[in-house]
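A short worksheet on the structure shown next.
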Amino acid sequence: ERPREFLIQVLERVKAGRRAEGEYPFLMDEANVDAMFSLLDVLGQGCIRAAQYREALKTLGLSTEDLELEDDVEITLDVFKEGMKKKMLESWSV
């Protein structure tokens, strides 16, 4: 409802995270990550290809430089969530 106050709070949390006085904020909650995965897993197989995972990271502006995944690797929802969380934390700490 109040975007200015929301952004101020998020930036304060980022500053606190950088000083190791708190955790970094997550702008995407678990439901958002689940929804993104389900959009990529159109057949409902419970996994996506590594190329889809890389594109999802790029779409969110997250780095894919250190990903060492072969194209035939299947990414499950749990791996997807953990990877997204890790990449988001890395992006905040830069």
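With every protein chain kept in place and ligands, DNA and RNA left out, what is the accessible area per residue of the stretch 28-92? Probe 1.4 Å, answer in Å².
On the way: 4170 Å² over 65 residues.
For the stretch 28-92, the solvent-accessible area averages 64 Å² per residue.
Can you list the HN-Hα couplings for the stretch 57-69, worked out from phi with the Karplus curve (6.51, -1.76, 1.60; θ = phi - 60°), rounded to whole Hz and with x for Gly and Pro?
For the stretch 57-69, the Karplus curve yields 4, 4, 4, 8, x, 9, 6, 10, 4, 8, 6, 10, 10 Hz.
Give the aspartates and glutamates reachable from K15 as a straight Cα distance under 17 Å; neighbours fewer than 8 places away on the same chain don't count.
Within the straight-line limit of under 17 Å, K15 reaches these aspartates and glutamates: E5, E23, E90.
What are the lysines whose alpha-carbon lies under 23 Å from the alpha-carbon of K58, with same-chain residues fewer than 8 places away excluded?
K81, K85, K86, K87
Tell me, what is the percent relative contact order of the stretch 28-92, built from C-alpha pairs under 8 Å that lie six or more residues apart?
Numbers: 47 pairs, mean separation 24.7, N = 65.
RCO, the stretch 28-92: 38 percent.
Please give the length that would be gained between D78 and E55 if that part of the chain were fully extended, namely 0.36 nm times their separation in residues minus their C-alpha to C-alpha distance (nm, one decimal).
My answer for the length gained is 6.6 nm.
Between L40 and V10, what length in nm is gained on full extension when 0.36 nm per residue of separation is reduced by their alpha carbon distance?
8.0 nm
The values are calculated or read from the model by the stated rules, or taken from the named source; none is laboratory data. Since we're looking at a predicted model, the values are computed, not measured. Surface accessibility is based on the protein's heavy atoms, side chains included, excluding ligands, DNA and RNA. Shrake-Rupley method; radii C 1.70, N 1.55, O 1.52, S 1.80 Å.
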